[in-house]
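J.: Take this structure first; my questions come after.
The values are calculated or read from the model by the stated rules, or taken from the named source; none is laboratory data. No experiment lies behind these values; they were computed from the predicted model shown. When we count neighbours, we look across all protein chains shown, and the Cβ atoms used for this are built from the backbone with ideal geometry, even at glycine.
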Amino acid sequence: MRGCLCVKSHQLLNRVFVHPVCAPAAARWRTPPSRLVHGSSENERPRPSVLKHLTSKIISTGPISVAEYMREVLTNPVTGYYVRNNMLGPDGDFITSPEISQIFGELLGVWIVSEWMGAGRPKRLQLVELGPGKGSLAGDILRVFSQLRSVLNEASVSLHLVEVSAALSLVQAQNLTGNSCQEVDNEDDRVYRRGETASGLPVSWYRRLEDVPEEFSIFVAHEFFDALPIHKFQRTEKGWREVMVDVDPDKPDKLRFVVVPGATLASASLVQADERRHHVEVCAEGGVVVQQLARRIVEDGGAALIADYGHNGTKTDTFRGFKGHQLHDVLAAPGTADLTADVDFSYLRRMAGGGVACVGPVTQRTFLRNMGIDTRMQVLLRSCSDPSTRKQLISSYDMLTNPAKMGDRFHFFSLLHPSRLARPRKQEGLTLEKNRSPAPLPVAGFSELSLS
Ligand SMILES: C[S@@+](CC[C@H](N)C(=O)[O-])C[C@H]1O[C@@H](n2cnc3c(N)ncnc32)[C@H](O)[C@@H]1O
């Protein structure tokens with residue numbers, strides 16, 4: 001078990017000029033664990049070059065979209081926030097479910113095995129994780145795979161990590177392969193590092209999803225979509241207008257939001273014609289990723305499990321920053337804080353299209369309960385006599401499932417091959433009630449009956 005948590009509430013610091021954008025969103029649970037391995041104090045180092053780079057760009061070419069701002073701040077290859085390796089942990093900026101308790105990853109491991117079985121136990125299984133952080137989730141999933149070796153025996157399993165941060169990929173390499181891996185220098189190669197886990201499973205690192213080989217894959221994305229750039233739009237008397245980032249004319253070393261007077265390509269194309277909200281955030285990059293996942297699942301088989309905080313097309317202004325487990329002004333000291341926005345699952349569903357089957361979103365509490373977290377907790381508590389470990393187990397269980405903490409804030413959403421939800425053929429000799437066909441096979445986690 002990796003830590004227990006205390007909970008704080010925060011106030012949003014976002015500010016908008018020219019037109020107010022909208023009311024502040026609720027804070028995200030990113031709170032400090034009591035015990036976690038963490039990195040250097042680089043987190044504290046000021047990064048003036050990010051601000052300088054952004055202000056010179058804006059002064060020469062005009063305001064930039066929030067999406068461009070977010071992309072530059074988070075994933076610029078030289079100065080990007082994710083280039084650093086210590087944002088996850090007590091001395092970092094936030095903590096995530098896989099870092100709170102190993103049970104989280106174990107239950108996701110069971111889900112993956114269950115979907116692999118539901119797909120007819122294909123001979124090859126690619127586990128693909130998008131944005132693997134420290135590699136903790138993948139490590140916990142692989143532990144379940146080795147415990148279920150007799151079930152997975154017939155499959156050749158490989159791990160594929162899509163990670164934009166060179167620094168985090170080194171942490172993943174250390175945690176998953178003990179550094180038994182090699183950098184790949186060949187520019188033509190889509191893989192930038194290859195390694196092997198202690199049990200001999202091949203691990204490969206990629207910068208982009210499209211570089212991962214196309215074959216049967218189960219994709220996992222935990223707190224990945226919330227880190228992708230969003231566009232922000234404001235309803236005005238003249239129609240939808242894009243919110244952009246500009247330099248404050250009174251304070252040239254400060255950034256501010258502005259609503260641009262004319263339509264932009266994004267405001268003309270990304271807002272739904274029947275949109276009723278007065279302010280919307282659209283993560284077009286997330287939409288592209290979901291389209292890629294959907295196409296691959298339909299063509300090559302497999303499934304995707306997406307877990308994040310989010311909503312079903314109802315929220316408005318959710319863009320926020322986190323630094324040292326506190327909310328942070330998204331425009332202040334860019335590059336020193338995490339930037340994030342709630343995932344709009346209704347948008348992901350729309351972008352997935354009709355070819356793939358979508359289930360969810362369901363709350364994290366529902367998903368974990370359906371996956372058997374209560375039983376797993378009882379087993380762990382029965383075999384644990386140390387009072388402090390018991391206390392930690394209970395506290396992390398509470399953090400993951402309590403509706404007021406992560407239980408209702410985080411959601412699970414899945415893309416499945418359409419055959420997965422097809423109604424099973426009527427069995428010979430089975431008499432069904434008139435006008436009723438057999439129910440589709442339940443999907444673990446999304447259905448209460450799934451593991452019974
Ligand atoms: C909020 S962290 C979540 C880490 C991990 N999944 C967890 O839950 O602990 C986001 C992860 O996505 C990675 N990331 C962010 N943007 C990315 C992108 N465009 N492509 C690939 N990885 C990205 C970050 O480097 C980091 O590993």
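J.: For SER437, indicate whether it is of a type outside the set (Val, Ile, Thr), at pLDDT 95 or above and not in a helix (DSSP H, G or I).
T.: No.
J.: Considering each of GLY131, GLY92 in turn, give the residue that is within 27 Å of ARG409 (Cα to Cα), within 11 Å of the ligand (Cβ to nearest atom) and over 17 Å from the mean Cα position of the chain (by Cα).
T.: Of GLY131, GLY92, the one residue that is within 27 Å of ARG409 (Cα to Cα), within 11 Å of the ligand (Cβ to nearest atom) and over 17 Å from the mean Cα position of the chain (by Cα) is GLY92.
J.: Also, quick follow-up: Please go through region 280-314 and give me each residue that is within 27 Å of PRO63 (Cα to Cα) and buried (at least 20 other Cβ atoms within 10 Å of the Cβ), ordered by number.
T.: The answer is VAL280, GLU281, VAL282, CYS283, GLY286, VAL289.
J.: Is it the case, given these coordinates, that GLU187 is more than 27 Å from the chain's Cα centre (by Cα) and within 27 Å of LEU293 (Cβ to Cβ)?
T.: For GLU187, the condition - more than 27 Å from the chain's Cα centre (by Cα) and within 27 Å of LEU293 (Cβ to Cβ) - is met.
J.: Between PHE225, PHE216, PHE233, which is within 11 Å of the ligand (Cβ to nearest atom) and of a type in the set (Phe, Trp, Tyr)?
T.: The unique qualifying residue is PHE225.
J.: Can you tell me which condition ALA138 does not meet? The list is (1) in a helix (DSSP H, G or I); (2) more than 17 Å from the chain's Cα centre (by Cα); (3) under 24 Å from PRO213 (Cα atoms); (4) among the small types (Gly, Ala, Ser), and all the others hold.
T.: Unmet for ALA138, out of (1) in a helix (DSSP H, G or I); (2) more than 17 Å from the chain's Cα centre (by Cα); (3) under 24 Å from PRO213 (Cα atoms); (4) among the small types (Gly, Ala, Ser): (2).
J.: At least 2 residues that are under 30 Å from LYS254 (Cβ atoms) in each: list the helices (runs of 4 or more DSSP H) lying fully within region 327-413 that qualify.
T.: Fully inside region 327-413 and qualifying: nothing.
J.: Continuing with the same structure: Which residue pairs have Cβ atoms closer than 7 Å, lie 6 or more positions apart in sequence or on different chains, and pair a first residue in region 203-226 that is within 23 Å of THR75 (Cα to Cα) with a second residue that is within 10 Å of the ligand (Cβ to nearest atom) and aromatic (Phe, Trp, Tyr)?
T.: VAL212/TYR206
J.: Which one is farthest from GLY105 (Cα to Cα), of the residues in region 356-386 that are of a type in the set (Gly, Ala, Ser) and surrounded by 14 or more Cβ atoms within 10 Å (Cβ to Cβ)?
T.: ALA357
J.: Still on this structure, please answer the following. Would you please name the residue that is surrounded by the most Cβ atoms within 10 Å (Cβ to Cβ), looking only at residues in region 336-354 that are touching a residue at least 60 places away in the same chain (Cβ under 8 Å) and more than 18 Å from GLY286 (Cβ to Cβ)?
T.: ALA337
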